[in-house]
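In what follows, a single structure is set out as structure tokens and then discussed.
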Amino acid sequence: MESMDLLAPEEIARIERENAGGLPASAILEIFRPRGVRLSEATFRKYVQAGLLPRSRRVGRKGKHQGSVGLYPVEAVRRINVIKKMMAEGHTLEDIKRSYVFHSNYIDQLERDLACLLNGFQEELGDRAFGGEHRRTLEAQLATLRQRAQDLVRDVARLGSAVTARADETIRSQ
């Protein structure tokens, strides 16, 4: 087996801090290339299509007629690190899809989507002229929804962890 040097937790944390807005696929591939981690664009796309990595979002480039670029959430770096570690331990993609790694992708997407929706409501609330009491009521409802969204994501993550824990233990013991 070829030698590869996976990212340490502090390296992942630094990459996530420095690239909070996301990264293009090419930048993610470049993070792993010097470490001996075999990861091609085709494999990257395969992981995205399999649901192991989050999908990109299109972001317009500054300037006229510059088009857009697909940015992947920075947690894709952490996920690739975990996927490659599990594969080095002998797990197949099917094993990984049955593990928490697969489900956490959807949980992260749920969290991002809820935040985007609630932030949109917040902006709309700021742009509209509501009476004082009505505005306070809507702001209170929004605050309650934010807390409920956090609770939902936390509870879904707990359930996912509990459901997949047994499968993960089975995978590790094989």
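Assorted remarks:
For (1) surrounded by fewer than 18 Cβ atoms within 10 Å (Cβ to Cβ); (2) in contact with a His (Cβ under 8 Å, 6 or more places away or on another chain); (3) of a type in the set (A, V, I, L, M), each residue gets a yes or a no:
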{"site": "Ala76", "(1), (2), (3)": "no, no, yes"}
{"site": "Ile83", "(1), (2), (3)": "no, no, yes"}
{"site": "Asn105", "(1), (2), (3)": "no, no, no"}
{"site": "Asp113", "(1), (2), (3)": "yes, no, no"}
{"site": "Phe121", "(1), (2), (3)": "yes, no, no"}
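- Listed by first and then second residue, the pairs linking a residue in region 88-104 that is closer than 12 Å to Gly51 by Cβ and in contact (Cβ under 8 Å) with a residue 24 or more places away in the chain to a residue that is in a helix (DSSP H, G or I) and small (Gly, Ala, Ser), with Cβ atoms under 6 Å apart and 6 or more places separating them unless they lie on different chains, are Arg98/Ala167; His103/Gly160.
- Some residue of region 72-95 being under 13 Å from Gly22 (Cβ atoms), touching a Ser or Thr at 6+ places or on another chain (Cβ under 6 Å) and at pLDDT 85 or above: yes
- For region 28-47, filtering for residues that are surrounded by fewer than 17 Cβ atoms within 10 Å (Cβ to Cβ) and touching a Phe, Trp or Tyr at 6+ places or on another chain (Cβ under 9 Å) leaves 1.
- Helices (runs of 4 or more DSSP H) completely within region 1-114 that count 1 or more residues being among the hydroxyl-bearing types (Ser, Thr, Tyr): 25-32, 41-49
- Search result, residues across region 16-27 that are in contact with a strand residue (DSSP E or B) (Cβ under 7 Å, 6 or more places away or on another chain), open to solvent by 30 Å² or more (accessible area, probe 1.4 Å) and not small (Gly, Ala, Ser): Pro24
- With respect to the stated conditions, Ala13 fails to be surrounded by fewer than 12 Cβ atoms within 10 Å (Cβ to Cβ), over 15 Å from Lys84 (Cβ atoms) and either modelled with pLDDT of 85 or more or in contact with a Leu (Cβ under 8 Å, 6 or more places away or on another chain) (or both).
- Residue match in region 100-115 (condition: modelled with pLDDT of 90 or more and either among the β-branched types (Val, Ile, Thr) or touching a helix residue (DSSP H, G or I) at 6+ places or on another chain (Cβ under 8 Å) (or both)): yes
- One residue stands out among those in region 1-26 that are touching a Phe, Trp or Tyr at 6+ places or on another chain (Cβ under 9 Å) and of a type in the set (Gly, Ala, Ser): the one that is farthest from Glu89 (Cα to Cα), which is Gly22.
The values are calculated or read from the model by the stated rules, or taken from the named source; none is laboratory data. Keep in mind that this is a model prediction, so the values were computed, not measured. FYI the Cβ positions are ideal-geometry reconstructions off the backbone, even for glycines, and counts take in every protein chain you see. The area values use the complete protein model at the heavy-atom level, side chains included, leaving out ligands, DNA and RNA. Shrake-Rupley method; radii C 1.70, N 1.55, O 1.52, S 1.80 Å.
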